[in-house]
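All remarks here apply to the structure that follows.
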Amino acid sequence: MLDKLFGLYGRTIVVTGGYGQIGRAMANGLVGCGANVAIVEPNASDEATAKAFPDGPGDKVIKAFKADVTDRASLEAALESITQHFGTPSGLVNNAALDSPPNSTAAENGPFEDYPAESWERIMDVNVKGVFQCCQVFGKAMAEAGKGSIANVASIYGTVSPDQSLYQYRRDRGETFYKPVAYSASKSALYNLTRYLAVYWGPKGVRTNTLTFAGVFNNQDGEFLDNYEKKIPLRRGGDYDRLRGMALAEDYVGPTAFLMSDASSYANGADFRIDGGFLAM
């Protein structure tokens, strides 16, 4: 019964941004559930895939296809290649996204009043237009096949504003640092895109939902971790203590596999929060 509900055997799942920290965990997890995984990356190559998945099972079940999410023609070409290699996709995980890194320029991480318009456009291009176009291309194929599941990866910062006090320690030591606006605004846009598609494609058997993720541990500053941990009510103990309340990329595999499986066959237009309780505070 559980295998029938949660198994992904013979299904092809498209994962954008599959070379990233979360994308790699998702791809490995979905393969572990029996899926074929088609990674969409602008720099896709056999060499890059082998580096990203050194213990990977080979291109019979996981393969990267070169495409830029902001370029619809490249996505359509990727769909054709994916269909030839694996068959028609039955799932899409829109994971690819840009954010301003903590060590970016002062202009990038400066006050809102001075935030560069070109930075706004670059992040919106990938995080909103990219998701929109991937839904158009891969969602259309699933709608024509009469079934499918789309998971749009959102963020706690698409639901609430970034808490600038988390970064006060940087300003206290003389840096000009504010969490920028574009990432938050872009992730917020995904919620209504998801609801729109849930209504639009629901009658054709395609479900669309969001996954709202919190921060992932990546050896952040100790001062940041001190502040972040106070925002997370969940304490898991043991080896998890070193994460200081943050998630591992692997924490997001199960919810993603759930949305790609028949176990979530009645979920449509919903938001699944996996955030340790951040948004419950």
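Quick look at the numbers
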read-out	value
Close pairs (6 angstrom Cβ cut-off, 6 or more residues apart or separate chains): under 19 Å from D226 (Cα atoms) and without any contact (Cβ under 8 Å) to a residue 40 or more places away in the chain in the range 155-180, outside any helix (DSSP H, G or I) and among the charged types (D, E, K, R) anywhere	P162/K179
Number of the exception - P89 against (1) in contact with a helix residue (DSSP H, G or I) (Cβ under 6 Å, 6 or more places away or on another chain); (2) open to solvent by less than 20 Å² (accessible area, probe 1.4 Å); (3) not in a loop (DSSP other than H, G, I, E, B)	(3)
Matching residues, the range 169-223, being hydroxyl-bearing (S, T, Y) and either surrounded by fewer than 17 Cβ atoms within 10 Å (Cβ to Cβ) or out of contact with any strand residue (DSSP E or B) (no Cβ under 7 Å at 6 or more places or on another chain) (or both)	Y169, T176, Y178, Y183, S184, S186, S188, Y196, Y200
Matching residues in the range 11-29 - criterion: being of a type outside the set (D, E, K, R) and closer than 19 Å to S81 by Cβ	T12, I13, V14, V15, T16, G17, G18, Y19, G23, A27
Residues of the range 1-31 classified as in contact (Cβ under 8 Å) with a residue 12 or more places away in the chain, surrounded by fewer than 17 Cβ atoms within 10 Å (Cβ to Cβ) and farther than 24 Å from V131 by Cα, total	5
Cβ-Cβ under 7 Å pairs, at least 6 apart or on other chains, the range 81-94 side over 27 Å from A154 (Cβ atoms), far side assigned to a strand (DSSP E or B) and open to solvent by less than 50 Å² (accessible area, probe 1.4 Å)	S81/F65; H85/K63; G87/T12
Residue check, D251 open to solvent by 20 Å² or more (accessible area, probe 1.4 Å), closer than 23 Å to G7 by Cα and among the charged types (D, E, K, R)	yes
One residue from D241, D262 being open to solvent by 60 Å² or more (accessible area, probe 1.4 Å), touching a residue at least 12 places away in the same chain (Cβ under 8 Å) and more than 17 Å from the chain's Cα centre (by Cα)	D262
Residues of the range 146-168 classified as of a type in the set (A, V, I, L, M), part of a loop (DSSP other than H, G, I, E, B) and open to solvent by less than 20 Å² (accessible area, probe 1.4 Å), total	0
Checking N219 against (1) at pLDDT below 95; (2) more than 22 Å from the chain's Cα centre (by Cα), the condition it does not meet	(2)
V137 vs. criteria in contact with a Leu (Cβ under 7 Å, 6 or more places away or on another chain) and either open to solvent by 50 Å² or more (accessible area, probe 1.4 Å) or of a type in the set (D, E, K, R) (or both)	no
Unique residue being assigned to a loop (DSSP other than H, G, I, E, B), open to solvent by 30 Å² or more (accessible area, probe 1.4 Å) and modelled with pLDDT under 95 when the list is N103, N43, N109	N103
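Condition check ((1) assigned to a helix (DSSP H, G or I); (2) open to solvent by 50 Å² or more (accessible area, probe 1.4 Å); (3) within 14 Å of V14 (Cα to Cα); (4) at pLDDT below 95) across all residues:
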| site | (1), (2), (3), (4) |
| --- | --- |
| D55 | no, yes, no, yes |
| G58 | no, no, no, yes |
| F65 | no, no, yes, no |
| T70 | no, no, no, no |
| L75 | yes, no, yes, no |
| L79 | yes, no, yes, no |
| I82 | yes, no, yes, no |
| V93 | no, no, yes, no |
| A97 | no, no, no, no |
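The values are calculated or read from the model by the stated rules, or taken from the named source; none is laboratory data. Here the structure is a predicted model, which is why all the values come from computation and not from measurement. All Cβ positions, even for glycine, are placed from backbone atoms using ideal geometry, and neighbour counts span all protein chains on display. These area figures cover heavy atoms from the full protein model, side chains too; ligands, DNA and RNA do not enter into them. Shrake-Rupley method; radii C 1.70, N 1.55, O 1.52, S 1.80 Å.
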